[in-house]
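The values are calculated or read from the model by the stated rules, or taken from the named source; none is laboratory data. Just so it is clear, the structure is predicted and the values come from calculations on it, not from any experiment. Cβ coordinates were reconstructed from backbone atoms using ideal geometry, including for glycine residues, and neighbour counts include every protein chain displayed. When the accessible area is computed, the model is the full protein with side chains, heavy atoms only, and any ligands, DNA or RNA have been set aside. Shrake-Rupley method; radii C 1.70, N 1.55, O 1.52, S 1.80 Å.
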Amino acid sequence: MARNEEKSHSMLNRWVQQQKDDARGGPVTRAKRPYLADLVDNLPEATKWRTQLIKEVAKKVLLLQNESLPEMQVRDLNDQVNKLMRERWHWHRRIKELGGPEYPNGPPVDSGNVIRAPGGYWYFGVAKNLPGVKDLLVPEVAKKKKRNRHELHIGVDGDYYGFRDDEDGLLEKVEAIAEERLREGAIAEWNKKAIERYGSLALAPVPEKIAKGDPAAYKSHVYVPSTEEVERILLQKRKEDLVARYVEG
């Protein structure tokens, strides 16, 4: 490489190049592609720059098919291709504004199997095998946001607390079935204990008060004062009122 550079800078090569330039009427200067597509105001020139850009893209995509390239060079080439493709989009827009055809903005036809990551970035050739590229293609699972106390209480109404469970009549039917089942279970349990103790249900004694239907047979767990106690409490209350009235007077 160093020898080739020395040859290109040799005096003989310079003299030969000068003779060629003199024969053409002066040195040939190659025009540089404008950095903004809006600077071009005619369709043929815009089409020319688009063709030049596509050739550059195809050349770099061809280099990316080489599997022996180091990772840094692959990343650099792939970034350059993506940059050129973004520039190509601007030329396509400018050509359409100048009255030209509408070109597709996808990858080149001869670029082979390409991968487009989220965000519009393209991976060509061996760039698809770079570390971390496959992870970019896996869709992210949306994390379920934990609701706060206010959001939890928004959907809570009377149905949540069971205030309207008996409006449709279904609860009453279900409770009646459950009550009947519990009653039958309690009777079966009493019969079982009576047989174990007396040997037969016919020999099991029935309490006299329960047999006659006496309400006193059922014990109340709430204290109810008698008539004498109520009269005594009322008399004591009247005495206290009289004493308080004369003392204040």
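Here is a check on your reading of the model: is Ala117 among the hydrophobic types (A, V, I, L, M, F, W, C), free of Cβ contacts under 8 Å to residues at least 24 places away in the same chain and open to solvent by less than 40 Å² (accessible area, probe 1.4 Å)? Give the steps one after another, and end with the answer.
Values: among the hydrophobic types (A, V, I, L, M, F, W, C): yes; free of Cβ contacts under 8 Å to residues at least 24 places away in the same chain: yes; open to solvent by less than 40 Å² (accessible area, probe 1.4 Å): yes.
Here the answer is yes, as Ala117 does meet what is asked.
The set of residues from region 141-169 being open to solvent by 100 Å² or more (accessible area, probe 1.4 Å) and among the hydrophobic types (A, V, I, L, M, F, W, C) comprises Val141, Ile154, Phe163.
Do we find that Val138 is of a type in the set (A, V, I, L, M, F, W, C), loosely packed, with under 12 Cβ neighbours inside 10 Å, over 30 Å from Ala37 (Cα atoms) and modelled with pLDDT under 85 in this structure? Taking the combined requirement at face value, the residue satisfies it.
Only a single item in (1) at pLDDT 75 or above; (2) of a type outside the set (Phe, Trp, Tyr); (3) over 30 Å from Arg75 (Cβ atoms); (4) assigned to a helix (DSSP H, G or I) is not met by Arg147, and it is number (4). Part of a loop (DSSP other than H, G, I, E, B) and either touching a strand residue (DSSP E or B) at 6+ places or on another chain (Cβ under 6 Å) or at pLDDT below 85 (or both): does that describe Pro101? Criteria not met by Pro101.
Can you tell me which residue in region 35-71 is surrounded by the most Cβ atoms within 10 Å (Cβ to Cβ), limited to those that are outside any helix (DSSP H, G or I) and touching a Gly at 6+ places or on another chain (Cβ under 7 Å)? Among them, the one singled out is Leu64.
When you look at Thr51, is it among the β-branched types (Val, Ile, Thr) and at pLDDT below 85, yes or no? For Thr51, the condition - among the β-branched types (Val, Ile, Thr) and at pLDDT below 85 - is not met.
Within this structure, Asp76 passes the test of being open to solvent by less than 90 Å² (accessible area, probe 1.4 Å) and either modelled with pLDDT of 85 or more or among the aromatic types (Phe, Trp, Tyr) (or both).
Quick check on my filter: what residues within region 99-114 are aliphatic (A, V, I, L, M) and crowded, with 16+ Cβ neighbours inside 10 Å?
Let us first name the residues in region 99-114 that are aliphatic (A, V, I, L, M), namely 109, 114.
Passing the criteria: only Val114.
Return a yes/no flag: does region 215-235 have any residue that is hydroxyl-bearing (Ser, Thr, Tyr), open to solvent by less than 70 Å² (accessible area, probe 1.4 Å) and modelled with pLDDT under 75. No, that holds for no residue.
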